[in-house]
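Here the structure is laid out as structure tokens; the discussion comes afterwards.
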Amino acid sequence: MHSLLSVLCTGLLLVTAVANAADNAMLAERHAKRGVACTSCHVKSPNDKPTMTQCLACHGGSYENLAKKTDESDINPHATHMGEPECSECHSGHKQPRLVCDNCHEFTDIKVP
């Protein structure tokens, strides 16, 4: 009985770890899983930073439309007093994302992909 419980707990931990790893995947990995080619964002060269226009081409068409898509709670990171910051202020394809709002605020309930 003890070994069965041990196996079940180990399995649960493994499933949780895999789920957390998927949630914490870098933005480039998330795009790749959806079939988006690297050249869709890195148009000129592999090292060029995607522009806001390139991001909005797939994510709403305009910043206003993007704000409508992310209006699911009382804090909308795309409808703020900061106007329309560049997407790369928060999102990064190959590094951990950061919420630029947290430079002054402490929003613990906003997850940046």
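Miscellaneous remarks
- Whichever residue in the range 60-87 is among the hydroxyl-bearing types (Ser, Thr, Tyr) and surrounded by 14 or more Cβ atoms within 10 Å (Cβ to Cβ) and, among such residues, is farthest from Glu29 (Cα to Cα): Thr80
- The condition (being among the hydrophobic types (A, V, I, L, M, F, W, C) and modelled with pLDDT under 95) is satisfied by just one residue among Ala32, Ala79: Ala79.
- Candidate set from the range 58-93 (those that are of a type outside the set (A, V, I, L, M, F, W, C), assigned to a helix (DSSP H, G or I) and in contact (Cβ under 8 Å) with a residue 12 or more places away in the chain); member that is farthest from Ile110 (Cα to Cα): Tyr63
- The C-beta contact set for the range 31-49 (first residue under 16 Å from His91 (Cβ atoms), second residue part of a loop (DSSP other than H, G, I, E, B) and acidic (Asp, Glu), distance under 8 angstrom, 6+ apart or interchain) comprises His42/Asp48.
- Among residues of the range 39-50, those that are under 16 Å from the mean Cα position of the chain (by Cα) and not in a loop (DSSP other than H, G, I, E, B), counted: 1
The values are calculated or read from the model by the stated rules, or taken from the named source; none is laboratory data. All figures in this text were calculated on a predicted structure; none of them were measured in a lab. With ideal geometry, Cβ positions are generated from the backbone for all residues, glycine too; neighbour counts draw on all protein chains shown.
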